[in-house]
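Asker: Please read through the structure below; I'll follow up with questions.
The values are calculated or read from the model by the stated rules, or taken from the named source; none is laboratory data. Predicted model only: the values in this text are computed from it and were never measured. Methodologically, a virtual Cβ is constructed for each residue, glycine included, from the backbone with ideal geometry; neighbour enumeration extends over all protein chains shown. Calculation scope for accessible area: heavy atoms of the full protein, side chains included, ligands and nucleic acids excluded. Shrake-Rupley method; radii C 1.70, N 1.55, O 1.52, S 1.80 Å.
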Amino acid sequence: MSYEFVRPVWRTVRDRFQKSMSTLKSEELSLKLSDDSSSIGFMVRHNAEVEYMFAEWFFQKQAPEGLIYLTNGHSTDDSAFADLASLLAFSEASDNYLTSAMEELPAEAWDQPVTTPMGVSTPREALGRVLYHAGLHAGQISLIRKCAGQASRV
């Protein structure tokens, strides 16, 4: 297996995610369903950070120098996730980074188990996980926009 075989699926899901995020408005980034839940801005940043982690953990590409993970744990200060242009650029960069990592992974490595901080998976299985992850957060963001957005207009 190689990236050539998974490219259509990855591009479909990831392009849809990025397109959906590009419809966000700056004032929506701080929306959340409750005081103890994550904001939209946090989730956009978190999704991108996970893509960087997966590039490193499963696809043998070291994280970019200077990358700082801000979304490990619960969001306490959403000011770090308030710049829409920066979040969208970070999201696009993580997509490009993970894509290049998948492209560079040797075909024989796709089905070799890899031990990571989240357990053992093959890169092929990891691709399914990262696709699911993006879809999960896209749905959460959509729900927050609908529910919290309505509440903020009342």
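Asker: Tell me which residues, restricted to the range 1-27, are open to solvent by less than 70 Å² (accessible area, probe 1.4 Å), over 15 Å from residue 137 (Cα atoms) and aromatic (Phe, Trp, Tyr).
Answerer: The answer is 3, 10.
Asker: Can we say residue 30 is in a loop (DSSP other than H, G, I, E, B), among the hydroxyl-bearing types (Ser, Thr, Tyr), within 18 Å of residue 91 (Cβ to Cβ) and open to solvent by less than 40 Å² (accessible area, probe 1.4 Å)?
Answerer: Here the answer is no, as residue 30 does not meet what is asked.
Asker: Taking the range 52-87 as the search range and keeping residues that are among the hydroxyl-bearing types (Ser, Thr, Tyr) and touching a residue at least 12 places away in the same chain (Cβ under 8 Å), which one is nearest to residue 31 (Cα to Cα)?
Answerer: 75
Asker: Within the range 78-107, take every residue that is of a type in the set (D, E, K, R) and either open to solvent by less than 40 Å² (accessible area, probe 1.4 Å) or modelled with pLDDT under 95 (or both) and give me the one that is farthest from residue 8 (Cα to Cα).
Answerer: The extreme case among them is 78.
Asker: Counting only residues that are assigned to a helix (DSSP H, G or I) and either among the small types (Gly, Ala, Ser) or out of contact with any Phe, Trp or Tyr (no Cβ under 9 Å at 6 or more places or on another chain) (or both), how many does the range 47-63 have?
Answerer: Total meeting the criteria: 8.
Asker: Taking the conditions exactly as written (in a helix (DSSP H, G or I) and open to solvent by less than 40 Å² (accessible area, probe 1.4 Å)), does residue 126 satisfy them or not?
Answerer: Here the answer is yes, as residue 126 does meet what is asked.
Asker: Okay, moving on. Out of (1) under 20 Å from residue 5 (Cβ atoms); (2) within 15 Å of the chain's Cα centre (by Cα); (3) not hydrophobic (A, V, I, L, M, F, W, C), the odd one out for residue 106 is which?
Answerer: (2)
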